[in-house]
Amino acid sequence: MKRPILVIVLLLVTVLGAAGGYFAGDRWDIPAATASGDAAPLGQVTPAGPTPSQTPSEPPLPVKTPVPNTIPPLETDLSFRRRTFTVSPKDYQSVQMAIDVPDGWHYKTDPKRPAEVKYLDPRNERGVRVEANRPPIPTKDALAGLIIDLRKSLPPQDDLQIKSQTTEQIVGDDDQLRTVSTLVYTYIPTDTLRYVIVRWVSTNGDDLANVEMSITGLPDDSSALDEVLLRATQSVRETG
């Protein structure tokens with residue numbers, strides 16, 4: 001089934017935006033999922049060699065060596081608090097949402113990204129980013145699109161490592177099944193290895209992701225971040 005022309009335009013904007021520096025300055029920035037419908041193959045395209053009139057490119061920079069982080073791991077058995085907020089996806093009506101996040105994590109917004117909010121821990125090392133995904137697209141397509149964007153956007157020296165990619169159903173706190181697709185990866189944006197979980201959630205009983213969230217921290221935080229992810233997935237909803 002053909003996708004609207006608007007969706008194709010959104011795809012082009014996403015890819016160009018990723019190339020323009022989604023990762024600059026903010027450790028919570030990740031490329032938005034593409035809205036391309038059918039996913040392209042995940043293998044990388046090998047560029048053609050230089051023609052006689054071209055100059056060979058510079059040799060690639062070496063892969064970064066992460067600096068060990070001395071921050072204690074995030075503890076499990078966290079307490080949570082229900083937070084409500086309003087986001088404004090571009091070209092769509094504002095959406096009121098609610099989600100459970102760890103108690104004590106503070107609210108942050110970016111005027112350049114009105115469709116999302118973030119909740120960061122007191123150290124600003126871990127965070128939850130939640131976004132109203134418009135237009136909703138199949139969760140699997142969103143996952144595949146982000147993998148493509150990451151491979152295009154991140155330089156080789158950042159050492160992107162895809163750890164897992166899954167699609168499943170999870171029971172929400174409303175006792176309804178929610179289709180979710182999840183991507184887990186690591187990379188080195190500056191000098192510290194970051195651990196990122198991105199999940200697309202359908203809260204409407206189908207497979208169309210109307211919510212995108214990411215949970216970010218350090219590799220040693222993985223058990224606690226899984227706890228944060230599950231609670232966020234079960235609780236997130238549109239309230240108006």
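The values are calculated or read from the model by the stated rules, or taken from the named source; none is laboratory data. Everything numeric in this text was worked out from a predicted model, so none of it was measured. Neighbour counts run over all protein chains shown; Cβ positions are idealised from the backbone, glycine included.
For segment 176-211, name all the residues that are over 22 Å from Asn133 (Cα atoms) and not aromatic (Phe, Trp, Tyr). Thr186, Ile188, Pro189, Thr190, Asp191, Thr192, Leu193, Arg194 - these are the residues of segment 176-211 that are over 22 Å from Asn133 (Cα atoms) and not aromatic (Phe, Trp, Tyr).
Every residue, every condition in (1) over 19 Å from Ile197 (Cα atoms); (2) surrounded by fewer than 22 Cβ atoms within 10 Å (Cβ to Cβ); (3) in contact with a helix residue (DSSP H, G or I) (Cβ under 9 Å, 6 or more places away or on another chain), yes or no:
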residue: Asp103; (1), (2), (3): yes, yes, no
residue: His106; (1), (2), (3): yes, yes, no
residue: Arg113; (1), (2), (3): yes, yes, no
residue: Pro122; (1), (2), (3): yes, yes, no
residue: Val130; (1), (2), (3): no, no, yes
residue: Arg134; (1), (2), (3): yes, yes, no
residue: Gly145; (1), (2), (3): no, no, yes
residue: Arg151; (1), (2), (3): no, yes, no
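From the list Asp207, Asp220, Asp226, Asp191, the lone residue that is over 19 Å from Gly127 (Cβ atoms), charged (D, E, K, R) and surrounded by fewer than 20 Cβ atoms within 10 Å (Cβ to Cβ) is Asp207. Looking across segment 143-158, the residues that are aliphatic (A, V, I, L, M) and not in a loop (DSSP other than H, G, I, E, B) come down to Leu143, Ala144, Leu146, Ile147, Ile148, Leu150.
Among residues of segment 156-168 that are over 23 Å from Val201 (Cα atoms), those with a beta-carbon under 6 Å from a residue that is surrounded by fewer than 14 Cβ atoms within 10 Å (Cβ to Cβ) at least six positions away or on a different chain give the pairs Pro156/Pro60; Gln157/Leu61; Gln157/Val63; Asp159/Val63. Test Pro41 against the criterion of being modelled with pLDDT of 50 or more and either more than 19 Å from Ala209 (Cβ to Cβ) or surrounded by fewer than 18 Cβ atoms within 10 Å (Cβ to Cβ) (or both), and give yes or no. Criteria not met by Pro41.
Scanning segment 105-144 for residues that are out of contact with any Lys or Arg (no Cβ under 7 Å at 6 or more places or on another chain) and small (Gly, Ala, Ser) turns up Ala132, Ala142, Ala144. Contact annotation: residue pairs with Cβ atoms under 8 Å, 6 or more positions apart or on different chains, pairing a residue in segment 62-88 that is among the hydroxyl-bearing types (Ser, Thr, Tyr) with a partner that is in a strand (DSSP E or B), are Ser79/Pro102; Thr84/Gln96; Thr84/Met97; Thr84/Ala98; Thr86/Val95; Thr86/Gln96; Thr86/Met97; Ser88/Val95. Residue count for segment 192-240 satisfying the condition of being of a type in the set (Asp, Glu) and touching a Pro at 6+ places or on another chain (Cβ under 8 Å): 3. In summary, Gln165 fulfils each of the numbered conditions (1) under 19 Å from Arg81 (Cα atoms); (2) within 14 Å of the chain's Cα centre (by Cα) with the single exception of condition (1). Being more than 26 Å from Leu78 (Cβ to Cβ), touching a strand residue (DSSP E or B) at 6+ places or on another chain (Cβ under 9 Å) and not β-branched (Val, Ile, Thr) is a property that does not hold for Leu225.
Every residue in segment 91-101 that is among the charged types (D, E, K, R) and surrounded by 12 or more Cβ atoms within 10 Å (Cβ to Cβ), please. Hit for segment 91-101 is Asp100, nothing else.
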